[in-house]
Amino acid sequence: MTAATRRPTAPLVYAAHPVTTYGTDRERDSLARIGCLVAPAQVVNPAAHYQSNADWLSDWPGLLPILSGMVVFADADGTIGTGCLRELSDAWCVGLHVALLDDRGALRHISTLRIVPACRRTAARTAVVVGGRRFDLAKAFDQSAPVSPTRGMHP
């Protein structure tokens, strides 16, 4: 089923995370924690939702407008790849509420992104996500005004 044919019955939260975490305990634990933190929202896991990058590229533009929020979590080294960067950028461009799930299991505003130095950068490890102050994403679903991509970006 494509994004265009889905009609969510509850808020949808996209769980952006690097492919380096797909199928790991980190992914399983992070998704479970996100589910608890954003209840009653439904969590969209791209690892289970998409069969390939081409599938994601085809569906993503239709899924983005029906999302209520996005949570990103990084690999154990704090990095995300280019796919997550695109998802974050697109989410900010449309004013979507975005949070970081930190290593302690709390949701935080994203304070900044640090680009990995060129000598260590790969498509799978492109940036480090730095969290700021705590953020209650579930409460943000009730706000009717769009979110500025820069609002709340500083701790």
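Values quoted throughout were computed directly from the atomic coordinates according to the rules given, and no laboratory measurement underlies them. Just so it is clear, the structure is predicted and the values come from calculations on it, not from any experiment. Backbone-built Cβ (ideal geometry, glycine too); neighbour counts: all protein chains shown.
Remarks
- Along the chain, longest interval not containing exposed trypsin sites (Lys or Arg not before Pro), exposed being DSSP loop plus at most 15 other Cβ atoms within 10 Å: 7-103
- Secondary structure note: in the chain, about 50% of the DSSP beta bridges are antiparallel.
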